[in-house]
Amino acid sequence: MSTQITTAFVKQYSANVQLLVQQMGSRLRGAVTLEGGKIGEEVFMDRLDSTAAVKVTSRHADSPLVDTPHDRRRVTPVDYDWGDMIDNPDRLRTLIDPASAYAVNAAMAMGRAMDDEIIEAVTGSASYGKTGGSSYATLGAYNTASQVISPETNSFAVDGENTGVDQPLTVGKLIHTRKILGAADADDYDIRGMG
């Protein structure tokens, strides 16, 4: 064979665009309340806390007055953008049409941004009150005698750990937190992840 045959060698290119490994959208979106159609730079959500029924111990007794706890949370929307351009001349010079791959990539980026906001909300502070002028650390809200999820440092503590020392968040601690929520019958929560 001729030593110049290498001139006839060809290169082959894929007709598809391969997306690199990345988180495919939001993993936490289903764990939060989604409400559309809100207008304004701040949105207020009124909430009711749980109450307890009062056992009847005698006939013809007065009905008890159960004072239902009300509160209001302030939510401040956050905006994100994503954009890229594909020029028509570029489409004519490529074997592939990257438009759909770009759209998928954008959707995945937006989903990850949504997760970042959810994580920031969980680990940050919540504004509450009639005008949203008060705030508290959201993880500290669950710090009860039976449900110790975090010390003041907003780190998670699991049975057997020193809760007085700042401990980093781990997958094991998230699983432990999920079990606590399941045991407490947290609203719309299913420990099997099916609801």
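The values are calculated or read from the model by the stated rules, or taken from the named source; none is laboratory data. Quantities reported herein were computed from a predicted structural model and do not represent experimental measurements. Reconstructed Cβ throughout: ideal geometry from the backbone, glycine too, with neighbour counts over all protein chains shown. What goes into the accessible areas is simple: the full protein's heavy atoms, side chains included, and nothing from ligands, DNA or RNA. Shrake-Rupley method; radii C 1.70, N 1.55, O 1.52, S 1.80 Å.
Some points to look at:
- Gly25 in contact with a Gly (Cβ under 8 Å, 6 or more places away or on another chain) and open to solvent by less than 60 Å² (accessible area, probe 1.4 Å): yes
- Top-ranked residue of segment 34-44 - restricted to ones that are touching a residue at least 12 places away in the same chain (Cβ under 8 Å) and open to solvent by 100 Å² or more (accessible area, probe 1.4 Å), ranked as farthest from the chain's Cα centre (by Cα): Glu41
- Gly30 being on the phi > 0 side of the Ramachandran plot and surrounded by 10 or more Cβ atoms within 10 Å (Cβ to Cβ): no
- Residue match in segment 99-109 (condition: within 30 Å of Val17 (Cβ to Cβ), modelled with pLDDT under 90, within 18 Å of the chain's Cα centre (by Cα) and among the aliphatic types (A, V, I, L, M)): no
- Contact map, segment 75-96: first residue on the phi > 0 side of the Ramachandran plot, second residue open to solvent by less than 80 Å² (accessible area, probe 1.4 Å) and not in a loop (DSSP other than H, G, I, E, B), Cβ cut-off under 6 Å, separation 6 or more or different chains; the map is empty.
- For segment 71-93, residues that are surrounded by 10 or more Cβ atoms within 10 Å (Cβ to Cβ) and closer than 30 Å to Val32 by Cβ total 11.
- Scanning segment 45-52 for residues that are in contact (Cβ under 8 Å) with a residue 60 or more places away in the chain and surrounded by 10 or more Cβ atoms within 10 Å (Cβ to Cβ) turns up nothing.
- Residues of segment 94-126 that turn out to be in contact with a Phe, Trp or Tyr (Cβ under 9 Å, 6 or more places away or on another chain) and open to solvent by less than 30 Å² (accessible area, probe 1.4 Å), as a count: 4
- Residue pairs whose Cβ atoms lie under 8 Å apart, sitting 6 or more positions apart in sequence or on different chains, and linking a residue in segment 1-29 that is in contact (Cβ under 8 Å) with a residue 40 or more places away in the chain and part of a loop (DSSP other than H, G, I, E, B) to a partner that is open to solvent by less than 100 Å² (accessible area, probe 1.4 Å) and among the charged types (D, E, K, R), are Gln22/Arg112; Gln23/Arg112; Gln23/Asp115; Gly25/Arg112; Ser26/Arg112; Ser26/Asp115; Arg27/Asp115; Leu28/Asp115.
- Flag for Asp84 being in a loop (DSSP other than H, G, I, E, B) and among the acidic types (Asp, Glu): yes
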